[in-house]
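Trainee: My questions all concern the structure below.
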Amino acid sequence: MDTDVVISGAGPTGLLLGTELALAGVRVRILERQKRRHGQSRALTLHPRSIEILELRGIADRFLAQGRTVPSWHFAGLSRELDFSVLDTRHGYTLFLEQARTEELLEERARELGVEISYGHEVGSLTQDEDGVEVAGIGPDGDFRLRAAYLVGCDGGRSKVRESAGIGFPGSDGTMSSMLGDFAVVDREEIAAAGRVPVLIAPLSGGLTRLVVTSPERMRVPATEPVTFDEFRATLVELAGTSFGIAEPRWLSRFGNATRLAENYRSGRVFLAGDAAHVHFPAAGQGLNTGLQDAMNLGWKLAAEINGWAPPGMLDTYHAERYPVGRLVTGNTQAQTLLLELTLVPDYQRPVAALRGLMDSLLEIPEVNARLAGLVSALSTSYAVPDGDPLVGTRVPDRPLGPGGGRVSDLVHSGTFGYVGDDAAQIAEAWKGRITVADSRLENLSEALIRPDGHIAWVRRENDPPDAALREAAITAWAGAPERAAVRR
Ligand SMILES: Cc1cc2nc3c(=O)[nH]c(=O)nc-3n(C[C@H](O)[C@H](O)[C@H](O)COP(=O)(O)OP(=O)(O)OC[C@H]3O[C@@H](n4cnc5c(N)ncnc54)[C@H](O)[C@@H]3O)c2cc1C
């Protein structure tokens, strides 16, 4: 084998996955088609769960230091925004951070951990057998071939890995498109005085300003068609009555609502993550966030398999857990986009305004806000098991651990499981290097096993009597078999 894992694509998903694998001592090589980073940012936001997972690895501060937080975020462009500040998290806000910066910070971390990133390497095809995957492509020195135990396609919506692995990508073609433009010159006074206009305006780094528009006149133009400066300027005038003095465009792009979900996130030794597995309109900014969370789910499982202690069937839990999340995201973005699309169709404008008014009033109900904010922030993502304790599968808020001190996130900084309970020393000995322990308490639980991705694997409630055999079985189901000699009954 040339390496343990090849990742195709050094976007946010591939970079985070690379760091997760390297953290567990796995040899990983990322192949990236581009010769260098282009510096353009599609996404501008990180939502609460993404910040939490960065916190789980002790690196959230790097991202927080570079961005700006806002407590609310829009859903379907409704007037009333989702309030993230009421969610049970230390990070109840959206972080404005340009995708290019997020990628730079992830790459910095990946390199610190020794991940090999090869720019200018385009993956073209793959073949797999029982023992590994052969990856072929074109690099700076011509054709290359690499053999690895596993290949992960993090190569975006047009994923070559997905195509080459023969994984279906069912869904719907786009029915509408929007345009974005990043401009070096805008009339800031005019923007400040504009009031409510149907144009999304966001300041970017380097003095640039992003404008996003969806026009009734232009929304049926296919997303693949290039945007011209004149078209963008005319659309601004159509929507806002002014072009806001735009000049010196740095990037013009069109994006649409084609929505597709990979029918399987795994085919043998090949996995898909991020946009390679799901594409949709960027409604409420969920694509990059979902990709990071895919990577966080897959990394430790793949590492466990390569390091030889994964329980049977663990790799299949990746599709089982993340595909339903992909369904939720592609579903809610379609619902949001339909509302946006109908707003622009003249015959529907009045009834859609009524529908929007109704939805705004529903969002005033705290439970409705909590439901949608939980969905968009991904804090409500749960990998629940039927008939299990309702806590199992949910994500653990980053609570302080009493009375010993520290927080939940401290336990999993190095990518291990975390155990909280009275039997810490014994658990540490039996699952050496796989579980970090705290002789402590997590709220009113007698014991808790936390997965490396911050979800609950097992709990013993205060009123449940200790049962060493049950506990060993529960821990073994996730963290693999213990070192026998170390287990006491
Ligand atoms: C206008 C717009 C705004 C958005 N805003 C948000 C937002 O606010 N929040 C949010 O969460 N999401 C947002 N998104 C979505 C977000 O940008 C994507 O979901 C995110 O980039 C996906 O990351 P990824 O790493 O999975 O894929 P990508 O970012 O697409 O990265 C894939 C990488 O693979 C490389 N690659 C492709 N093919 C090959 C190959 N054959 N061999 C080697 N390398 C290859 C590519 O060059 C690229 O670097 C937005 C999208 C758009 C269009």
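The values are calculated or read from the model by the stated rules, or taken from the named source; none is laboratory data. None of the values given here were measured: they were computed from a predicted structure. Don't worry about glycine lacking a Cβ; one is built from the backbone with ideal geometry, like all the others, and counts go over all protein chains shown. These accessible areas exclude ligands, DNA and RNA; they are computed on the full protein's heavy atoms, side chains included. Shrake-Rupley method; radii C 1.70, N 1.55, O 1.52, S 1.80 Å.
Trainee: Among the residues of region 1-59, what is the count of those that are at pLDDT below 95 and not charged (D, E, K, R)?
Mentor: Residues flagged as at pLDDT below 95 and not charged (D, E, K, R) within region 1-59 amount to 4.
Trainee: Considering only residues of region 73-107 that are part of a strand (DSSP E or B) and at pLDDT 95 or above, which is surrounded by the fewest Cβ atoms within 10 Å (Cβ to Cβ)?
Mentor: Across region 73-107, the extreme among qualifying residues is Phe96.
Trainee: I would also like to ask the following. Which pairs have Cβ atoms under 7 Å, sit 6 or more apart or on different chains, and link a residue in region 25-48 that is more than 8 Å from the ligand (Cβ to nearest atom) and among the charged types (D, E, K, R) to one that is part of a strand (DSSP E or B) and open to solvent by 20 Å² or more (accessible area, probe 1.4 Å)?
Mentor: Arg27/Asp4; Arg29/Glu116; Lys35/Tyr119; Arg36/Tyr119
Trainee: Another question, if that's okay. Quick check on Ala136: is it farther than 22 Å from Val5 by Cβ and open to solvent by less than 20 Å² (accessible area, probe 1.4 Å)?
Mentor: no
Trainee: Can you list the strands (runs of 3 or more DSSP E) lying wholly within region 131-243 that have 3 or more residues being within 30 Å of Arg27 (Cα to Cα)?
Mentor: On the way: elements: 133-139, 142-153, 177-185, 199-203, 209-213.
It comes to 133-139, 142-153.
Trainee: Could you list all residues from region 35-48 that are touching a helix residue (DSSP H, G or I) at 6+ places or on another chain (Cβ under 6 Å) and either over 19 Å from Ile201 (Cα atoms) or surrounded by 22 or more Cβ atoms within 10 Å (Cβ to Cβ) (or both)?
Mentor: Correct list: Gly39, His47, Pro48.
Trainee: Could you tell me which residue of region 197-232 is most open to solvent (accessible area, probe 1.4 Å), considering only residues that are among the hydrophobic types (A, V, I, L, M, F, W, C) and in contact with a helix residue (DSSP H, G or I) (Cβ under 8 Å, 6 or more places away or on another chain)? Break it down stepwise before answering.
Mentor: So in region 197-232, the residues among the hydrophobic types (A, V, I, L, M, F, W, C) come out as 197, 199-202, 204, 208, 211-213, 219, 221, 223, 227, 229, 232.
Those still in the list that are in contact with a helix residue (DSSP H, G or I) (Cβ under 8 Å, 6 or more places away or on another chain) too: 197, 199, 201, 211, 213, 219.
Values: Val197: 39, Val199: 17, Ile201: 59, Leu211: 0, Val213: 2, Met219: 6 Å².
Only one residue fits best here, namely Ile201.
Trainee: Being open to solvent by 10 Å² or more (accessible area, probe 1.4 Å) and among the hydroxyl-bearing types (Ser, Thr, Tyr) is the filter here; which residues of region 396-429 pass it?
Mentor: Selection gives Ser414, Thr416.
Trainee: Further, regarding this structure: Pull out all pairs, ordered by first then second residue, where Cβ-Cβ is under 8 Å, the residues are six or more apart or on different chains, the first lies in region 146-174 and is open to solvent by 50 Å² or more (accessible area, probe 1.4 Å), and the second is more than 12 Å from the ligand (Cβ to nearest atom) and in a loop (DSSP other than H, G, I, E, B).
Mentor: From residues that are open to solvent by 50 Å² or more (accessible area, probe 1.4 Å), the pairs are Arg147/Met1; Arg147/Asp2; Arg147/Gly132; Pro170/Glu263.
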